[in-house]
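K.L.:
Mind looking over this structure? Questions follow.
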C-alpha cells in the first residue's frame, strides 16, 4: 500500500508534564479516527523531538501536521502554516518544523507537502508531572482545530 | 591562590559566559574568567539544568523502570531502557538471559548506536569538520552541508533512519516502544521485519565504510592541529568482553591509563562503586566521577568511542577492527588521545554496529526461542551498558514491597565531565588567550565540547530555543559587553 497522504507528528516528552501535549493530541486523534470516516488516510507518529530522519516521514505526503507544546504565549492554541526555512534549530534537540521541511527539500529535491503547525501552550513541564488542567482544556480546542483541518482537507481533495 | 578559588569578584578579573552551548543535547554554559590582559585564568563547563530523576523514581515499583527511564532522555531512550532493564534483571535474580532475549536486546542496542553516531557525525559535527571552526556561522550548519554536500547529508539521514528502523522492529515503535521486560524481552523478530532490515544491510554497510573514510580524511587533513586541539591525556574506562573484545552491551569494567597500561580489568560492574567515586562541585549540577585507585585529583577519565578504541583488545567484526588498527597507529598513536579523535572513533563504532546488526539478522534465535527467564528476587540491581556516548550505569535499591527506595545513575556525559572541563581549559588557553573575543573563537570551545557528544538534560524541547549568549563581566560582576547569536543565526553586540 502506498504511504498515507496525511502525516500527523506529535512530539514532546510524555514524562515532562505539558510537554506531552503533542503525543496526547495524536492519541486523541487516533481515537477519533473511527468516528470520522470522511477523513483522509492518515499516519500518526509520535516522538520526543523532530530530528533529521523525520525528513523521510515527511517525504511524499500531501499534508503534514506538526503538533507541539510551547511556552505560554499570547494565544493558548495556534494553528499556522509552516514553510521551509533555514534557521539555527539544526540541533536534534530542537529542530523546528520549518527547518525539517528545508532539510527534506535539500535532501530529496522533491516538492514539499502542505504543512501546518499546531502549537498548544503548556504551563508546567516538570519531570513526572501529569498534564495540567489548563493544558487539558486547550487540548480539547486543539483537537477541534485538527478535526476542522482534516475534514477540510478531505473536502478539498 | 588556587585556580578553583578564583571568582569574578577577584580584583582584575572578568567573566565570559557562553550560554547555552549549541549543538549539544541539552543546555550547558561556559564561563571564562579573564584578567585585564585577556589571559584565561579559569575555564568551567557548567550544567545548569537539574534533572532530579533519582528523586522522581523513588517510590515507584521496580518493574516500571524499563519504561520509566525511557522518558528520562529523549535523545537516548533506548540506552536507558536497556541499562535500566539490566538492573531489573538483577533485581529479579536473572543472571543469564535466554539467547533470544539477549540477542534481541543487542540488536536494539546496536541500532541505537548506529542512529546516534550517524546523527552526531553528519548533522552536529560535520559542519565544523567540513567548513572549518572559523567559518561563518551562516555556512557552518547542516543546511550548508545539505547544499554543498547533498549526498553526505542524505546518507546521514538514511543511516539514522535505518538505526531507527532496527529499534522499531525490536520495540514495535521507533519511540516509546518497549522490548525489555524483567528477565528478558517481550517479542521475537518476525521474518518480515528481519527481511526488511536485511535488504538494506549491504547499502548501510557500504555507507558506514564511506563514513569512516570521510572521518579519517577530515582528521588527516590537518592532523597536527587536530592532535593538538583540546589536547589531553587521560585514563580510559569501558566495559569489555571476557576475551577483551569490544562489547557495547555487556562485560566487565576495564580502566587503562594513557600509557596503555591496565589499571583494573574485568571488574564486576555490580560493585562499580569500588572503583568509581563521585565528587560534587557547588558550581555545577553534574557530578565529577573519578577512579578511586587514582584519587579525586588525578582520577578523572574519559569514556565513549575514543576510550573504547583503547580499552578493548580488538573489535570482533573484521571491517571495524581493520579501521581501529589504522586509527591507533595514526600519527604514532596521537589520534587515540585527541579530543577530535572522537569523531573518527565514532564512525568506526558505527561501522561495527552495522556489521553486528548484519550478523545478528542471520541468527535464527531472533525468530524463536524463550523470551524471558526467572529467578529469586533481590533488593539491589545494577545495570551497565556502553551507550553511544559511553558507560551508562543504573543502580536501584528496592524494599520488600518492590518499591524503589534509592536510585543512582551515572550517565555517559557525567563520566566525561572533567574531561570536557579540561578540553575547555585547553582551548581557552591556546585559542582565546590575549585575543579579542569573536563568535568563531568561542565556537572553538563549543567544538571541543561537542566532540564528546554530551547529552545534558532530558528532552523538553518545548523549552529549547538555542541562542548563544556571551557576556563579559568585570571583577565586580557588572556586564561590560554582550554578544548574542539570534535564532536566525545573526550575531549582535548588545549594549550592556
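The values are calculated or read from the model by the stated rules, or taken from the named source; none is laboratory data. Predicted model, so just to flag it, every value in this text is computed and none were measured. Counting neighbours? That spans all protein chains shown, and the Cβs are built from the backbone with ideal geometry, glycine included.
K.L.:
Failed condition for residue B:277, given (1) out of contact with any strand residue (DSSP E or B) (no Cβ under 8 Å at 6 or more places or on another chain); (2) part of a strand (DSSP E or B), with all others met?
P.N.:
Residue B:277 satisfies all of (1) out of contact with any strand residue (DSSP E or B) (no Cβ under 8 Å at 6 or more places or on another chain); (2) part of a strand (DSSP E or B) except (1).
K.L.:
Name every residue in region A:111-125 that is at pLDDT 85 or above and within 12 Å of another protein chain (Cβ to nearest Cβ), in order of residue number.
P.N.:
If the condition is that a residue be at pLDDT 85 or above and within 12 Å of another protein chain (Cβ to nearest Cβ), then A:119, A:120, A:121, A:122, A:123, A:124 are the ones that fit.
K.L.:
Among A:130, A:121, which is the only one that is within 17 Å of the chain's Cα centre (by Cα) and either touching a residue at least 24 places away in the same chain (Cβ under 8 Å) or assigned to a helix (DSSP H, G or I) (or both)?
P.N.:
The conditions single out A:121.
K.L.:
Give me a count of the residues in region A:24-57 that are within 11 Å of chain B (Cβ to nearest Cβ) and crowded, with 24+ Cβ neighbours inside 10 Å.
P.N.:
Residues meeting the conditions: 9.
Quick grid of which residues meet (1) under 29 Å from residue B:67 (Cβ atoms); (2) in contact with a strand residue (DSSP E or B) (Cβ under 6 Å, 6 or more places away or on another chain); (3) modelled with pLDDT of 95 or more:
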residue	(1), (2), (3)
B:190	yes, no, yes
B:205	no, no, yes
B:221	no, no, no
B:230	no, no, no
B:236	no, yes, yes
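K.L.:
Quick one: would you say residue B:179 is in contact with a strand residue (DSSP E or B) (Cβ under 8 Å, 6 or more places away or on another chain) and either in contact (Cβ under 8 Å) with a residue 40 or more places away in the chain or within 12 Å of chain A (Cβ to nearest Cβ) (or both)? Write out each step before concluding.
P.N.:
Working: in contact with a strand residue (DSSP E or B) (Cβ under 8 Å, 6 or more places away or on another chain): yes; either in contact (Cβ under 8 Å) with a residue 40 or more places away in the chain or within 12 Å of chain A (Cβ to nearest Cβ) (or both): yes.
Yes: the conditions hold for residue B:179.
K.L.:
Only one of A:77, A:67 is surrounded by 24 or more Cβ atoms within 10 Å (Cβ to Cβ) and away from chain B (no Cβ under 11 Å); which?
P.N.:
Details: A:77 fails: surrounded by 24 or more Cβ atoms within 10 Å (Cβ to Cβ).
Just a single option satisfies the conditions, and that option is A:67.
K.L.:
Among the residues that make up region B:193-207, is at least one of them within 14 Å of residue B:104 (Cα to Cα) and either within 20 Å of the chain's Cα centre (by Cα) or within 14 Å of chain A (Cβ to nearest Cβ) (or both)?
P.N.:
Checked against the condition, which is being within 14 Å of residue B:104 (Cα to Cα) and either within 20 Å of the chain's Cα centre (by Cα) or within 14 Å of chain A (Cβ to nearest Cβ) (or both), region B:193-207 yields no hits at all.
K.L.:
Going through B:308, B:346 one at a time, which residue ends up being in contact (Cβ under 8 Å) with a residue 24 or more places away in the chain, touching a strand residue (DSSP E or B) at 6+ places or on another chain (Cβ under 6 Å) and part of a helix (DSSP H, G or I)?
P.N.:
B:308
K.L.:
Can you work out which of the residues in region B:91-102 that are surrounded by fewer than 24 Cβ atoms within 10 Å (Cβ to Cβ) and in contact with a strand residue (DSSP E or B) (Cβ under 9 Å, 6 or more places away or on another chain) is farthest from the other protein chains (Cβ to nearest Cβ)?
P.N.:
B:98
K.L.:
Identify, by number, the condition in (1) out of contact with any strand residue (DSSP E or B) (no Cβ under 9 Å at 6 or more places or on another chain); (2) more than 20 Å from residue A:145 (Cβ to Cβ); (3) more than 10 Å from every other protein chain (Cβ to nearest Cβ) that residue A:15 doesn't meet.
P.N.:
For residue A:15, the failing item is (3).
Per-residue answers, yes or no, for (1) surrounded by fewer than 24 Cβ atoms within 10 Å (Cβ to Cβ); (2) in contact (Cβ under 8 Å) with a residue 60 or more places away in the chain; (3) at the interface with another protein chain (Cβ under 10 Å from one of its Cβ atoms):
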| residue | (1), (2), (3) |
| --- | --- |
| B:130 | yes, yes, no |
| B:143 | yes, no, yes |
| B:146 | no, no, yes |
| B:155 | yes, no, yes |
| B:184 | yes, yes, no |
| B:187 | yes, yes, no |
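K.L.:
Only residues that are under 22 Å from the mean Cα position of the chain (by Cα) and either away from every other protein chain (no Cβ under 13 Å) or crowded, with 24+ Cβ neighbours inside 10 Å (or both): list them for region B:59-70, please.
P.N.:
B:65, B:66, B:69, B:70
K.L.:
Additional query: Of the residues that sit in region B:393-405 and are part of a strand (DSSP E or B) and in contact with a helix residue (DSSP H, G or I) (Cβ under 8 Å, 6 or more places away or on another chain), which one is surrounded by the fewest Cβ atoms within 10 Å (Cβ to Cβ)?
P.N.:
From region B:393-405, those part of a strand (DSSP E or B) are B:393-398, B:403-405; that's our starting set.
Subsequent filtering for residues that are in contact with a helix residue (DSSP H, G or I) (Cβ under 8 Å, 6 or more places away or on another chain) retains B:393-396, B:398, B:403-404.
Numbers: B:393: 24, B:394: 29, B:395: 22, B:396: 26, B:398: 23, B:403: 12, B:404: 21.
Per the criteria, the residue is B:403.
K.L.:
Determine whether region B:327-341 contains at least one residue that is surrounded by 17 or more Cβ atoms within 10 Å (Cβ to Cβ), outside any helix (DSSP H, G or I) and in contact with a strand residue (DSSP E or B) (Cβ under 8 Å, 6 or more places away or on another chain).
P.N.:
no
K.L.:
I'd like the full set of residues that are over 18 Å from the mean Cα position of the chain (by Cα) and either within 19 Å of residue B:260 (Cα to Cα) or in contact (Cβ under 8 Å) with a residue 12 or more places away in the chain (or both), limited to region B:311-324.
P.N.:
If the condition is that a residue be over 18 Å from the mean Cα position of the chain (by Cα) and either within 19 Å of residue B:260 (Cα to Cα) or in contact (Cβ under 8 Å) with a residue 12 or more places away in the chain (or both), then B:313, B:314, B:315, B:316, B:317, B:318, B:319, B:320, B:321, B:323, B:324 are the ones that fit.
K.L.:
Sticking with this one: Taking the stated definitions as given, is residue B:109 within 14 Å of chain A (Cβ to nearest Cβ), in contact (Cβ under 8 Å) with a residue 12 or more places away in the chain and closer than 26 Å to residue B:206 by Cα?
P.N.:
Considered against the rule, which asks whether it is within 14 Å of chain A (Cβ to nearest Cβ), in contact (Cβ under 8 Å) with a residue 12 or more places away in the chain and closer than 26 Å to residue B:206 by Cα, residue B:109 comes out as no.
K.L.:
Now, a different point. Where residues in region B:210-233 are over 15 Å from residue B:338 (Cβ atoms) and surrounded by 17 or more Cβ atoms within 10 Å (Cβ to Cβ), which of them is farthest from the chain's Cα centre (by Cα)?
P.N.:
The selected residue is B:214.
K.L.:
Which condition number does residue A:62 fail, the rest of (1) more than 9 Å from chain B (Cβ to nearest Cβ); (2) touching a residue at least 40 places away in the same chain (Cβ under 8 Å); (3) within 29 Å of residue A:137 (Cβ to Cβ) being met?
P.N.:
(3)
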